[in-house]
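Taking it in order: structure first as C-alpha coordinates, then the write-up.
The values are calculated or read from the model by the stated rules, or taken from the named source; none is laboratory data. What you are looking at is a predicted structure, and each value in this text was computed from that prediction instead of being measured. We place every Cβ from the backbone using ideal geometry, glycine too, and count neighbours over all the protein chains shown. Only protein heavy atoms, including side chains, enter the accessible area calculation; ligands, DNA and RNA are left aside. Shrake-Rupley method; radii C 1.70, N 1.55, O 1.52, S 1.80 Å.
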Amino acid sequence: HHVDTIDVLHLMGVTLWTVRDYTNARRLFFQVLAARQAVFGMQHPAVASVLHRLGQCFATQGYRYRARKYYDQAIEIYQNLGVQSENSSMRRILQDKKDLEAPQTTMVESKKECALWKRRSAEPNEGIKSCRLWPSRKQSI
(Lines give C-alpha, C1' and ligand atoms only; values in the text may rest on other atoms or scores of the structure.)
Protein backbone atom coordinates (compact mmCIF):
# COMPACT_ATOMS: atom_id res chain seq x y z
CA HIS A 1 0.00 0.00 0.00
CA HIS A 2 1.42 3.36 -0.98
CA VAL A 3 0.78 6.11 1.56
CA ASP A 4 -0.37 8.61 -1.09
CA THR A 5 -2.93 6.12 -2.43
CA ILE A 6 -4.25 5.51 1.08
CA ASP A 7 -4.56 9.28 1.63
CA VAL A 8 -6.49 9.67 -1.63
CA LEU A 9 -8.89 6.90 -0.56
CA HIS A 10 -9.33 8.69 2.77
CA LEU A 11 -10.13 11.96 1.00
CA MET A 12 -12.60 10.14 -1.26
CA GLY A 13 -14.28 8.78 1.88
CA VAL A 14 -14.46 12.27 3.36
CA THR A 15 -16.02 13.53 0.12
CA LEU A 16 -18.63 10.76 0.16
CA TRP A 17 -19.39 11.51 3.81
CA THR A 18 -19.76 15.21 2.97
CA VAL A 19 -22.35 14.45 0.29
CA ARG A 20 -24.13 12.12 2.74
CA ASP A 21 -23.23 8.85 0.99
CA TYR A 22 -22.43 7.28 4.35
CA THR A 23 -22.52 3.63 3.27
CA ASN A 24 -19.89 4.08 0.56
CA ALA A 25 -17.86 6.41 2.76
CA ARG A 26 -17.80 3.71 5.42
CA ARG A 27 -16.61 1.12 2.88
CA LEU A 28 -13.72 3.34 1.89
CA PHE A 29 -12.86 4.16 5.49
CA PHE A 30 -12.67 0.43 6.31
CA GLN A 31 -10.25 -0.03 3.38
CA VAL A 32 -8.21 2.92 4.60
CA LEU A 33 -8.21 1.54 8.14
CA ALA A 34 -6.86 -1.84 7.01
CA ALA A 35 -4.22 -0.21 4.81
CA ARG A 36 -3.08 2.27 7.47
CA GLN A 37 -2.85 -0.48 10.08
CA ALA A 38 -0.74 -2.54 7.68
CA VAL A 39 1.57 0.39 6.90
CA PHE A 40 1.75 2.23 10.24
CA GLY A 41 0.71 -0.37 12.82
CA MET A 42 -2.17 -0.16 15.26
CA GLN A 43 -0.96 2.82 17.33
CA HIS A 44 -0.62 5.70 14.88
CA PRO A 45 -2.42 9.06 14.53
CA ALA A 46 -3.42 8.19 10.94
CA VAL A 47 -5.20 5.08 12.25
CA ALA A 48 -6.93 7.14 14.97
CA SER A 49 -8.05 9.64 12.32
CA VAL A 50 -9.82 7.04 10.20
CA LEU A 51 -11.35 5.42 13.32
CA HIS A 52 -12.79 8.84 14.13
CA ARG A 53 -14.24 9.08 10.60
CA LEU A 54 -15.80 5.63 10.95
CA GLY A 55 -17.35 6.76 14.22
CA GLN A 56 -18.78 9.82 12.49
CA CYS A 57 -20.29 7.67 9.73
CA PHE A 58 -21.94 5.33 12.22
CA ALA A 59 -23.15 8.23 14.39
CA THR A 60 -24.63 10.04 11.40
CA GLN A 61 -26.51 6.88 10.44
CA GLY A 62 -27.89 6.50 13.97
CA TYR A 63 -25.62 3.65 15.11
CA ARG A 64 -24.53 5.20 18.39
CA TYR A 65 -23.11 2.01 19.92
CA ARG A 66 -20.85 1.39 16.92
CA ALA A 67 -19.88 5.06 16.74
CA ARG A 68 -18.88 5.02 20.39
CA LYS A 69 -16.74 1.92 19.78
CA TYR A 70 -14.73 3.66 17.04
CA TYR A 71 -14.46 6.92 18.98
CA ASP A 72 -13.15 4.99 21.99
CA GLN A 73 -10.54 3.21 19.86
CA ALA A 74 -9.34 6.53 18.42
CA ILE A 75 -9.21 8.12 21.87
CA GLU A 76 -7.23 5.16 23.22
CA ILE A 77 -4.65 5.46 20.44
CA TYR A 78 -4.19 9.18 21.07
CA GLN A 79 -3.92 8.61 24.82
CA ASN A 80 -1.34 5.84 24.29
CA LEU A 81 0.64 8.29 22.16
CA GLY A 82 0.49 10.90 24.93
CA VAL A 83 -1.87 13.24 23.08
CA GLN A 84 -3.62 15.60 25.51
CA SER A 85 -7.33 16.42 25.47
CA GLU A 86 -6.44 19.98 24.42
CA ASN A 87 -5.17 18.68 21.06
CA SER A 88 -7.57 19.69 18.25
CA SER A 89 -8.02 16.12 16.94
CA MET A 90 -8.66 14.78 20.43
CA ARG A 91 -11.09 17.63 21.21
CA ARG A 92 -13.13 16.83 18.08
CA ILE A 93 -13.40 13.14 18.95
CA LEU A 94 -14.33 13.89 22.55
CA GLN A 95 -16.98 16.36 21.38
CA ASP A 96 -18.38 13.88 18.86
CA LYS A 97 -18.56 11.23 21.57
CA LYS A 98 -20.30 13.67 23.92
CA ASP A 99 -22.79 14.53 21.15
CA LEU A 100 -23.84 10.86 21.07
CA GLU A 101 -25.49 11.38 24.45
CA ALA A 102 -27.74 14.16 23.15
CA PRO A 103 -31.32 13.32 22.19
CA GLN A 104 -31.20 11.60 18.83
CA THR A 105 -32.25 13.82 15.96
CA THR A 106 -31.22 13.25 12.39
CA MET A 107 -31.23 15.50 9.35
CA VAL A 108 -33.30 14.17 6.45
CA GLU A 109 -34.31 15.13 2.92
CA SER A 110 -38.01 14.26 3.24
CA LYS A 111 -40.81 13.08 5.51
CA LYS A 112 -40.57 9.66 3.86
CA GLU A 113 -36.90 9.40 4.81
CA CYS A 114 -37.78 10.37 8.38
CA ALA A 115 -40.32 7.54 8.59
CA LEU A 116 -37.66 5.09 7.42
CA TRP A 117 -35.21 6.33 10.07
CA LYS A 118 -37.76 6.03 12.84
CA ARG A 119 -38.68 2.46 11.88
CA ARG A 120 -35.08 1.40 11.73
CA SER A 121 -33.83 -0.04 14.98
CA ALA A 122 -30.64 -1.84 14.06
CA GLU A 123 -29.39 -1.66 17.65
CA PRO A 124 -31.33 -1.75 20.93
CA ASN A 125 -32.32 1.72 22.11
CA GLU A 126 -30.48 3.31 19.21
CA GLY A 127 -33.47 4.47 17.16
CA ILE A 128 -33.91 8.02 15.96
CA LYS A 129 -36.39 9.94 18.09
CA SER A 130 -37.00 12.89 15.76
CA CYS A 131 -36.06 14.26 12.36
CA ARG A 132 -35.32 17.67 10.90
CA LEU A 133 -35.26 18.55 7.26
CA TRP A 134 -32.01 19.90 5.84
CA PRO A 135 -31.89 23.74 5.87
CA SER A 136 -32.82 23.92 2.19
CA ARG A 137 -36.22 22.65 3.28
CA LYS A 138 -38.54 25.02 5.16
CA GLN A 139 -40.30 22.68 7.55
CA SER A 140 -39.37 20.52 10.52
CA ILE A 141 -40.78 17.07 11.16
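Data table
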read-out	value
Dipole of region 1-101 [Lys/Arg +1, Asp/Glu -1 at C-beta], most positive-end residue of Ala35, Pro45, Gln95	Gln95
Local electrostatic count, Asp7, Cβ distance below 14 Å [Lys/Arg +1, Asp/Glu -1]	+1
Distance between modelled label sites at Tyr65 and Val19, nm, 7 Å Cα→Cβ extension	3.3 nm
Rg/Rh ratio calculated on Cα atoms of region 1-54 (Kirkwood radius)	0.95
Exposure of Val50 as accessible area (Å², to 10), given a probe of 1.4 Å and all protein chains	0 Å²
Cβ charges +1 (Lys, Arg) and -1 (Asp, Glu), total dipole of region 1-97, debye	400 debye
Theoretical FRET efficiency, 1/(1+(r/R0)^6), r = Cβ-Cβ of Met42 and Lys98, R0 22 Å, to 0.05	0.30
